[in-house]
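Worksheet for the structure shown next.
The values are calculated or read from the model by the stated rules, or taken from the named source; none is laboratory data. Every value quoted in this text rests on a predicted model; they were computed, and no experiment measured them. All Cβ positions, glycine included, derive from the backbone under ideal geometry; neighbour counts span all protein chains shown.
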Amino acid sequence: MRFFALLKKELRECLPWAISAAAFLLILGSLRIWDHMQRDIGYQYRVFERYSEVYYYDLQTRPLGDLGLLLFMTAVGLGLALGVRQFWVADFTGTWGFILHRSTRRTTILTAKICAGLISLIVAIGLVWSYLYWRANLPDYSPVPLPKRCFIQGWLVGGVGLIFYLAVGLVGLSKAKWYTTKMMGLGFAIWIFVTLTQQWMLWWGFGTLVIGVVVLLYLMWEKFLNREF
Amino acid sequence: MTDTVLETQGLTKYYGSTLALDSMTVKIPRGCICGFVGRNGSGKTTAIKLLLGFLNPTAGSSTLLGCDSQQLTPAIRQRVGYVSEGHRLIRWMTIAEIARFQSAFFPGQWDGKFFRDMIDYFGLSKKQKIKHFSTGERAQVSLALALAPNPELLVMDDPTLGLDAAIRRQFLEGMIRLIMQQGRTILFSSHILGDVERVADRILVIDKGAIRVDCSLEQFRNAVKKVRFVFSQPPPAKIDIEGLLHFKTSEKELELVLVGTGEEKIAEWAKSAGAADYQPVNMNLEDQFIEYTAPAGQTKLFCWEGI
């Protein structure tokens, strides 16, 4: 009951950001797919036949076009916004005292925060991406079935949002000076992202993401439980 | 059940190299209404945050309801009400929402009727968001939220700060409602001495991080005195009387601020110093507090150069 009360509060605070990000991704993503549909599908088939296997993947995923960049920008943007909303705002408004003096443990408070952030990212980025993929994969939209790899890649790009969310949360919890170690969380997130872009194998990419999440979660946990408010 | 509700032992806090709280050692018994007074920046908020486990002490320890402040369990927090400085509540919530949120943490303890009654008494709309309330109205919501679970211990950090006289009176009446329930303990910090005088039965005076007074309000009221001596010639340059805090001289008058000096000692000193007459000066709690926490030595008036 206490956890759900906290989760509800956190979700309510994340809601405006999650809705904005989902709407942004959905509208621009749908426009991109619609734009692709305006082109001659028959012509695309002929182009596909002319090219060698090297270009197969590119052509196969063409209906999703440059959605990757849009997905990345939205995921990172939402991650940053949620991190600030959940871990910075209470410092500005002075509400940590009210939040922390609950008949529950700090771990429960942090778990509720992270669950709310995760749910928001999954719904606003993951589910919208899944919908866009499904829509672009319809026979009328795509000359050939889209590869599953592309779908998983989209989720991995969305996962970068989670990395940035945790990193910004960590920066918010850190009481160090901004020119010392305060921004290290964000630096780590950028490093994880760069490493992720270097991975060709999906499992390596997934592994990089998991390592990043585990490290950031551990640091956040430590910081939140021992921090002075 | 322990009879000491709140205890600190050499509680010390440094912020970097700045000493915020210096070896605070106090014991507050059950059923006590304790006014915690001090000037701005004297360490009241730091002490309260340490007691509630929001800050880690540099040295020493503190307990709330027998539990170490650094390890407060959910069960203990459930027995402690807290009103934060500035009444910082979640701004986007309405009164109804914040009451639902708060009640989830006090299962079987939350008195919804009491909360509604208090909100009605203060004349607040349950549908209005916290962000649309004034500081005074937020203070009322804050008090109702802290009192509705009927806590054994209520800790309030300068709850009447920034409130006008009417709202402050309502706020204090709300506090008195809790006080009327047996066995409830209240620790409230304030720099409005009138409020302390009205409700507290014990006083803690903190100055520059150090506890200067820890006694009953009555003892403090009796202990700090100001006496005006009249001389037929200039007053003596050297004043040697037990409990002297400050003195102020004019041509033929001498004003002494004394702590714990008995009437006999005063009469004796007046006689030995050759005073023609002496009279005690009436002081309220605020005067006593100001005199008590003023820097030691001769009082100097601030004088703007050129005036």
Worksheet entry | The lone exception for residue B:83 - which of (1) among the β-branched types (Val, Ile, Thr); (2) modelled with pLDDT of 95 or more; (3) farther than 20 Å from residue A:105 by Cβ it fails | (2)
Worksheet entry | Every residue from the range B:102-117 that is facing chain A (nearest Cβ under 10 Å) and not aliphatic (A, V, I, L, M) | B:102, B:103, B:105, B:106, B:107, B:109
Worksheet item: For the range A:55-71, does any single residue satisfy the condition of being at pLDDT 95 or above, in a helix (DSSP H, G or I) and crowded, with 20+ Cβ neighbours inside 10 Å?
Response: no
Discussion item. For the range B:11-35, give me the residue count where each residue is of a type outside the set (S, T, N, Q) and within 18 Å of residue B:65 (Cα to Cα).
Written reply: 11
Response to the item:
When (1) in contact with a Phe, Trp or Tyr (Cβ under 8 Å, 6 or more places away or on another chain); (2) crowded, with 21+ Cβ neighbours inside 10 Å are applied to residue B:170, the one that fails is (2)
Item to complete: Could you tell me whether residue B:57 is at pLDDT 95 or above, part of a loop (DSSP other than H, G, I, E, B) and either in the same structural domain as residue B:176 (by TED's automatic domain parsing) or of a type outside the set (Ser, Thr, Tyr) (or both)?
Response: yes
Response to the item:
Here, helices (runs of 4 or more DSSP H) confined to the range B:176-293 with at least 1 residues that are touching a Pro at 6+ places or on another chain (Cβ under 8 Å) and modelled with pLDDT of 90 or more are none
Practice prompt. Can you tell me which residue within the range B:63-101, out of those that are within 9 Å of another protein chain (Cβ to nearest Cβ) and in a helix (DSSP H, G or I), is surrounded by the fewest Cβ atoms within 10 Å (Cβ to Cβ)?
Written response: B:75
Response to the item:
Restricting the range B:140-169 to residues that are in contact with a Ser or Thr (Cβ under 9 Å, 6 or more places away or on another chain) and in a helix (DSSP H, G or I), the one nearest to residue B:104 (Cα to Cα) turns out to be B:142
Practice prompt. Return the residue satisfying two criteria in turn: it lies in the range B:230-246 and is over 14 Å from residue B:274 (Cβ atoms) and touching a residue at least 40 places away in the same chain (Cβ under 8 Å), and of such residues it is farthest from the chain's Cα centre (by Cα).
Written response: B:246
Fill in: Selection count where residues are part of a loop (DSSP other than H, G, I, E, B), at the interface with chain B (Cβ under 7 Å from one of its Cβ atoms) and either in contact with a helix residue (DSSP H, G or I) (Cβ under 9 Å, 6 or more places away or on another chain) or at pLDDT 95 or above (or both), scope the range A:88-108
6
